[in-house]
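Shown next, in structure tokens, is the structure this report addresses.
Each reported figure results from applying straightforward, stated rules to the coordinates on display, with no laboratory input. Keep in mind it's a predicted model, so treat the numbers as computed, not measured.
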Amino acid sequence: MPQKIIDPYLITSVDLESLKKFAETAKKCLANYGVDRPSIDDVLWNLEYALQLHESTLEEKAEHETRDSATPPSLAVATVKKTINVCTDTTVIA
């Protein structure tokens, strides 16, 4: 349900499970009677949990992007060899 009300631009950058947990927590806070509302400790715990879900998704996306854009091993080895050759060149320019 929350994905139906969020800005379409943001939906691709927000973890849906995190968003659901956040919305669920907010809804509980709106209960008509105080006894039905969560304690502040429960609210804090749920919001921290929602944040952890979101951050873990961001980390997974970053790792995936890093793997996809990593330099191929053969190119990396060639670059290192070229750097070593330049650094060990003993030619003296007079």
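How long is the gain from ARG67 to GLU48 if the chain were fully straight, where each residue apart is worth 0.36 nm and the alpha carbon distance is subtracted?
Details: separation 19, 0.36 × 19 = 6.84 nm, distance 2.85 nm.
That pair, ARG67 and GLU48, stretches by 4.0 nm at full extension.
Once you have the Cα-Cα distance between THR57 and CYS29, take 0.36 nm times their residue separation minus that, and quote the gain in nm to one decimal.
Taking 0.36 nm per residue and subtracting the Cα distance, the gain is 7.5 nm.
Mind checking which aspartates and glutamates have their C-alpha under 19 Å from LYS28, skipping anything on the same chain fewer than 8 residues away?
Excluding near neighbours in sequence, the set is GLU17, ASP36, ASP41, ASP42, GLU48.
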